[in-house]
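Below is one structure, written out as structure tokens, with a few remarks after it.
The values are calculated or read from the model by the stated rules, or taken from the named source; none is laboratory data. Since the model is a prediction, treat every value here as computed from it, not as a measurement. Every residue, glycine as well, gets a Cβ built from its backbone with ideal geometry; the counts of neighbours run over all protein chains shown. Accessible surface areas use protein heavy atoms only, side chains included; no ligands, DNA or RNA. Shrake-Rupley method; radii C 1.70, N 1.55, O 1.52, S 1.80 Å.
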Amino acid sequence: EYHVYFGRAHLKDFQTNKEVRGYLKIGRGKFTTAIQRGRNQPGVDFRLYCFLEFYSDKSTWDCERIIKQIFSDKRIIGDQGQQELYDFEDSEIKSITKELEKHLKLHGIRIKSKEYFI
């Protein structure tokens, strides 16, 4: 399984008990369970909002490169140098994936399946 995923870290403030969320992370990975397990650190609930499955690992790398190009104005460099963070609202996820799909087609990259969780 080769994926590009869109998700956010959710956590509760230990003093106020209010839920807060991080920037949208658009990353690549292999196997759904490994992505969830790897992002769910103690106290963090990493939630997937969209999942794109590809036919090859190379396609995920190419997709990530295209994402960085077409959404460069929305990229946020994290405090620890993270490069997969983006300033998108949840309501924009479907439109940005449609925009991404147009660019992928231009490069001959096919998506095997797409699933939303929002």
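Looking only at residues of the stretch 65-118 that are closer than 17 Å to Arg21 by Cα and hydroxyl-bearing (Ser, Thr, Tyr), we find that the one that is surrounded by the most Cβ atoms within 10 Å (Cβ to Cβ) is Tyr86. Kindly check whether there is at least one residue in the stretch 39-49 that is in contact (Cβ under 8 Å) with a residue 60 or more places away in the chain, open to solvent by 60 Å² or more (accessible area, probe 1.4 Å) and within 14 Å of the chain's Cα centre (by Cα). Yes, that holds for at least one residue. Of all residues in the stretch 76-101, those that are among the hydroxyl-bearing types (Ser, Thr, Tyr) have Cβ atoms under 6 Å from Cβ atoms of residues that are open to solvent by 30 Å² or more (accessible area, probe 1.4 Å) and in a helix (DSSP H, G or I), 6 or more apart or on another chain, in Tyr86/Lys74.
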